[in-house]
Amino acid sequence: MYTKEHIINGHIKVVYVCSDSNTCTAIGDLPALHWCFDVDSELSISELRLCYSKRLIINVEGSIVQVVIEGTEVLGKLRSISFIAYGVRSDLKPEALYRAVSEYIMNTCGN
């Protein structure tokens, strides 16, 4: 198992956690995007609430990737949004993954 950290546009972090078979789970930031998904599961700790969407299927450059969107609320206000992508090829460019997930959210939730 190994990890690869990528920085996109100078400030957006995407981390690949890969198995020896070169299949990865990617975790990335989604700054300034909206949350409009039904909550499939959540974790609440004090005033913090982590909300997870159902698994979404997204086509990224011909690869089918399963994605969960995570929203973090503090005192009832959305403070951050990120994604967890499963089944990512290790050679898939993180910029392409970020762009596909961002476009999916913008098309689903609007700007």
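For the residues V67, V14, the requirement of being surrounded by 14 or more Cβ atoms within 10 Å (Cβ to Cβ), within 17 Å of C109 (Cβ to Cβ) and modelled with pLDDT of 90 or more singles out V67.
Taking region 75-102, which residues are assigned to a helix (DSSP H, G or I) and not acidic (D, E)? Matches in region 75-102: P94, A96, L97, Y98, R99, A100, V101, S102. Look at region 84-111: where a residue is surrounded by 14 or more Cβ atoms within 10 Å (Cβ to Cβ) and a partner is part of a helix (DSSP H, G or I), sitting 6+ places away or on another chain with Cβ atoms under 8 Å, you get A85/L97; A85/V101; V88/L97. When region 8-48 is limited to residues that are over 14 Å from the mean Cα position of the chain (by Cα) and in a strand (DSSP E or B), the one that is farthest from S102 (Cα to Cα) turns out to be I45.
Taken as a whole, the structure places T72 among residues that are among the polar types (S, T, N, Q), within 13 Å of the chain's Cα centre (by Cα), in a strand (DSSP E or B) and over 11 Å from A85 (Cβ atoms).
Report yes if some residue within region 49-56 is farther than 14 Å from Y86 by Cβ, surrounded by 15 or more Cβ atoms within 10 Å (Cβ to Cβ) and aliphatic (A, V, I, L, M); otherwise report no. For region 49-56, residues farther than 14 Å from Y86 by Cβ, surrounded by 15 or more Cβ atoms within 10 Å (Cβ to Cβ) and aliphatic (A, V, I, L, M): present.
The values are calculated or read from the model by the stated rules, or taken from the named source; none is laboratory data. Note that the structure is predicted; figures quoted are calculated from it, not measured. Ideal geometry is used to build each Cβ from the backbone, glycine not excepted, and the neighbour counts take in all protein chains shown.
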